[in-house]
Structures are given as structure tokens and as C-alpha cells.
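Scroll down for the structure; my scribbles are underneath it.
The values are calculated or read from the model by the stated rules, or taken from the named source; none is laboratory data. Every value quoted in this text rests on a predicted model; they were computed, and no experiment measured them. All Cβ positions, even for glycine, are placed from backbone atoms using ideal geometry, and neighbour counts span all protein chains on display. For the accessible areas, the whole protein counts, side chains as well, though only heavy atoms, and no ligand, DNA or RNA atoms are used. Shrake-Rupley method; radii C 1.70, N 1.55, O 1.52, S 1.80 Å.
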Amino acid sequence: MPTILLCQPIHAGGMALLEARHDVTIRTLFRSSPKELAAAMRGVHAVLIGSEVADEALLAASPDLRIVSRHGVGYDTVDVAACTRRGIVVSITAGGNDLSVAEHTLMLLLAVARRTVEMDAATRAGRWFLRDGRPMGELSGRSVLVVGYGRIGSRVARLCAAFGMRVMVIDPAFPVPRIAADGFTPVTDIAAVLPEVDVLTLHCPLGEDTRQMVNREMLGLMKPSAWLINTARGPLVDEAALTEALSSGRLAAAGLDVLLHEPPDAANPLLKLPNVVLSPHNAATPVECQEKMAIRAAKNMLEFFDGVLDPSYAVNPEALRRRNA
């Protein structure tokens, strides 16, 4: 009988699917350390992870492991290559969080545009007519460059268009005609368009080719009035360069759901800048999103054991093909 280990409690919708199956054993951990997780992995055939790291050390402690089910769509905390070598399938909850993250992106964008956090604090402090500081602005008529045109990025592009923004898109994985057919302006050279961009919003995965892609050089090409929005991964941005740009007036503002180190050190200067709106990597935490992701993460494991897992949910479908064979 397969054993499933949950590294965290999940939404009742996903839990109900697992508990309805009498041919699996379910175990749940609560905020375990890496050492505790490794100790719990022996005899486990499937593990559902959130922010936990699935590296060589954990895999070495998991001789029976067959599938790593991510409660989310990012997999930068999983050593996919090592999993593939061991024949371990890595699955994600594709389609589960795109709506929530896209909405969160627009929330940050509007909060930056209207200085929502600052205005709330001023109102509560009795400063009703706060007029100093950077000017507020409308979204309509501004140009936005959406970096990454997957499930989340494409939703963000449509939402921005609905606000009357001029939407540009860059993603090497999508043909220029496809982006143009969707009604957006395709971009192939990001450096060439950055000087005209009012908003840069990131929706690409973290990899060696995208790590610190937003660096000092890129920020130097942007308008001083531009805004940066990041709901993807913190390491996509050179935080030191971003802090410098925001502090010096080289960049007007930023809305960030993700940071280089999470949770951040109290000394992180971004925490003290008034032109930064922050959220604690919670773009995918609405209850509806948690339910969708829990159900898909549970289904990924159960469908894997049943031999019917759709390869589109696997990060390494070659490992799934070998398993099925």
C-alpha cells in the first residue's frame, strides 16, 4: 500500500480526496525541519511539499519515493535533475493559482499607483490631506511589459488591457504571431523597449538564465517614473540594485510579493522604503486558490499511482514515461 507524506496540512478539498482512498496510507507533518523531514521519508512513496527543499540529501533519505507533488507551480526548491535520474516524477498544480496570482499582481500595481498603503497609514494617523511624496497615477494609457506569457502572465496581460494599458509581452517560449494574435505587442529585445516602459511585471520561472535578470543595467534603462512588480520569484531581481534605484529616485516604486530571502531579515532596506509595497509571498493564499491547488496536488499523486497522470502536470515527463513503461 503506497504511503503519502504531506509536509503540511492542506485544504479540506484535497484532504477529502486522499481520505476517500482506502488503498493509501496518509501521514502529515507540521512545520518540520529538514532533518525531521528526512527522517520521516523512509517508506514514503509520495510526498507533497510546499516550500520544503527536495534536494539530493532528501532524495538519498527516500529510497521508496516515486513522486514529488508540489503544492504550487514553482519548482526551484526541487532538484528536478536528481529526481529524473532516480526516476522520481515531479508534478505541479498547473492551473491552480494563475487567477489568484494575476489578481494579486493587479492589487500590487494599483496599490503602487495610488499609494494605498501610505494613504491608509496617513489617514489612520490623522493626516487627511497628504499631498507630499511621489504623485499618484492612473493605469489607463500606461505601457506595461509582461515578462513571461504562461498561465499567469497571459491573465495579467488581459487584466492590464482591461484597465486600458498598452500591453507588451516578452516570452521566448511563445511565437510572436501568437502574442500579436492575442492583441498584445510582442517584444524580442527587452533592452530596446525598457526606456518606454511604465510598468515591468515579472511572471517567468526562476532558472540560471533568469536569476537576477532585473539587474543594475536593466534598471538603468527604465524611466525614473517606472514601477516594478514581482509576484514570481525574489531571485529574479538584484535586490541591492533595486534598493539603490528606489532610494536614489532612479525608479519610482515597486510592488513585491517575493524577496531574495524569505522571510526577510529585519535589516533589509526594502522594508523601510515608502515607495515599496510588500506582501509575504501570499499571492496564492486565497481560500479558493488553496482548494484548487490542494485538489490538484492530491490528484497528481493518486493519478500517478493509478497510472493515469496527465504528463502536462509533470515537470519531468520523461520520468513519468519511464515509470509507466
Mean Cβ-within-10 Å packing, highest first, puts peptides 11-17, 237-243, 125-131 in the order 237-243, 11-17, 125-131
Given 92-104, 134-146, 156-168, the highest-first ranking by average Cβ count within 10 Å works out to 92-104, 156-168, 134-146
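Could you work out how much longer the chain between GLU318 and GLN8 gets when fully extended? Use 0.36 nm per residue separation minus the Cα distance between them, nm to one decimal. List each step's numbers first, then the result.
Details: separation 310, 0.36 × 310 = 111.60 nm, distance 2.78 nm.
Answer, rounded to one decimal: 108.8 nm.
Any chance you could tell me what percent of the C-alpha pair distances in region 1-143 go past 26 Å? Working shown, then result.
Values: 4621 of 10153 pairs.
Roughly 46 percent, once rounded to a whole number.
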Stretched fully, the stretch from ARG85 through ALA162 gains (0.36 nm per residue minus C-alpha distance, one decimal, in nm) 23.2 nm
In whole Å, largest first, the alpha carbons of region 194-325 cover along the principal axes 57, 30, 26
Most fluctuating of LEU206, LEU109, LEU260 in the GNM of the chain (C-alpha, under 10 Å) is LEU260
Between ASP120 and MET136, the two model label points (7 Å from Cα along the beta-carbon direction) sit apart by a distance in nm of 1.4
Label model pair ALA325, ARG31: point-to-point distance (7 angstrom along the Cα→beta-carbon line) in nm is 4.5
Per the 1/(1 + (r/R0)^6) rule, R0 = 35 Å and r from the Cβ atoms of VAL308 and THR188, FRET efficiency to 0.05 is 0.35
With -39,500 (n - 2.57) per DSSP H segment of 4 or more residues and division by the full residue count of the chain, the 222 nm estimate, nearest 500 deg cm²/dmol, is -10500 deg cm²/dmol
Correct semi-axes for the chain, from √(5λ) of the alpha-carbon gyration tensor and rounded to whole Å with the largest first, are 38, 22, 18
Taking only the alpha carbons of region 216-278, the radius of gyration and the largest Cα-Cα distance, Dmax, both in angstrom, are 10.7, 30
From the Cα centre of region 65-106 to that of region 256-325, the distance in Å is 6
For region 176-309, the accessible surface attributable to carbon and sulfur atoms (probe 1.4 angstrom, ligands and nucleic acids excluded) amounts in percent to 56
For region 196-325, dividing by residue count, accessible area per residue (probe 1.4 Å) in Å² works out to 45
